[in-house]
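Beneath this line is the structure, given in structure tokens, with notes to follow.
The values are calculated or read from the model by the stated rules, or taken from the named source; none is laboratory data. Bear in mind that the values here come from a model prediction, so they are computed numbers and not experimental data. Heads up, the Cβs are rebuilt from the backbone with ideal geometry, glycines too, and the neighbour counts pull from every protein chain shown. Only protein heavy atoms, including side chains, enter the accessible area calculation; ligands, DNA and RNA are left aside. Shrake-Rupley method; radii C 1.70, N 1.55, O 1.52, S 1.80 Å.
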Amino acid sequence: MHIGLIGGIGVAATLVYYKRLTAAIAARGAPVELTIVHAEASTLIANNLADKRKDQAQVFARLIDRLRSAGCDCAAITSLGGHFCYAETAAISSLPLVSGVAPLDAHFAAQRIDTIGLLGTKVVMETRLYSQLEKTRAVVPEADLAEVGQSYLDMATSGECTEEQRAFFFAHGRKMMTDQGADAILLAGTDLGLAYDGHDPGYPVIDALDVHVDLLARLAAGEAKLE
């Protein structure tokens, strides 16, 4: 299956998707058929903060049309923050959309995780992953979510993580573990790998990107079917 990715939101996350997805497909012995289009992170952030779902869906729909013209069989948004308009995008998409949120609940249940702590954009945290978790309880930082969300956006748009930012995210994750009973922390922002990859925060971490990539790789290799 030819996979289409909407990238650029942000660039660092797109690079990780590309690296991990191609490796996962190749490990299954399947040919890599992949096309990436670029969305502007600044446009997504503005529409996300203003809750302009239809406007962002139109942006995504135009990019999905390009992926369809390139021969893609499905499309995926490489940003959980970008899923704020998932329903609106799916309604007008010329290709089936592969959600990065939908597989998470089943993954948590399989790992026997009852409570998950969320780090990501303000909207992702406020809505507890867009209210799509049915089997898992979600908790968020007790601090100002706008501050946490802005820190994430600052890191995502720069494509780099400072030591101060890393310590900030690690501390909020730790507090959700100790004070709110989280069994693990979900990196619910695809650029959080900038802070966590190669570092041990001292608590269990699940990268939502890896769960999404696993599903996309299984689709590409014919081990899963589009729903």
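Key figures
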{"quantity": "Positive dipole terminus of the chain, leading residue within 47, 83, 226 (C-beta point charges)", "calculated": "226"}
{"quantity": "Mean projected area (nm²) of the alpha-carbon convex hull when region 1-99 is viewed from all directions", "calculated": "5.6"}
{"quantity": "Test item: Cα-centred dipole of region 58-132, Lys/Arg +1 and Asp/Glu -1 on Cβ, debye", "calculated": "140"}
{"quantity": "Qualifying lysines (Cα of each under 23 Å from Cα of residue 52; at least 8 residues distant if same chain)", "calculated": "122"}
{"quantity": "D_trans [Stokes-Einstein, Kirkwood Rh over alpha-carbon pairs] for region 56-190, 20 °C, 1.002 mPa s, µm² s⁻¹", "calculated": "134"}
{"quantity": "Unit charges on C-beta of K, R, D, E only; dipole of region 1-90, Debye", "calculated": "120"}
{"quantity": "Descending semi-axes in Å of the chain, equivalent ellipsoid built from Cα gyration tensor", "calculated": "27, 20, 17"}
{"quantity": "Folded to 0 to 90 degrees: helix 53-69 orientation relative to the chain principal axis, Cα", "calculated": "40"}
{"quantity": "Among 98, 184, 159 the positive-end extreme of the charge dipole of the chain (Cβ point charges)", "calculated": "98"}
{"quantity": "Reachable lysines, given that their alpha-carbon falls under 24 Å from the alpha-carbon of residue 225 and they are not under 8 places away in the same chain", "calculated": "19, 135"}
{"quantity": "Carbon + sulfur, % of accessible area of the chain - ligands and nucleic acids excluded, 1.4 Å", "calculated": "48"}
{"quantity": "Where the chain is the region considered: accessible area per residue in Å², 1.4 Å probe", "calculated": "45"}
{"quantity": "Percent breakdown of C-alpha pair distances by 5 Å bin, ordered from the shortest bin, for region 42-118", "calculated": "3, 15, 23, 20, 15, 11, 9, 3, 0"}
{"quantity": "By average C-beta atoms within 10 angstrom, highest first, the peptides 122-133, 31-42", "calculated": "122-133, 31-42"}
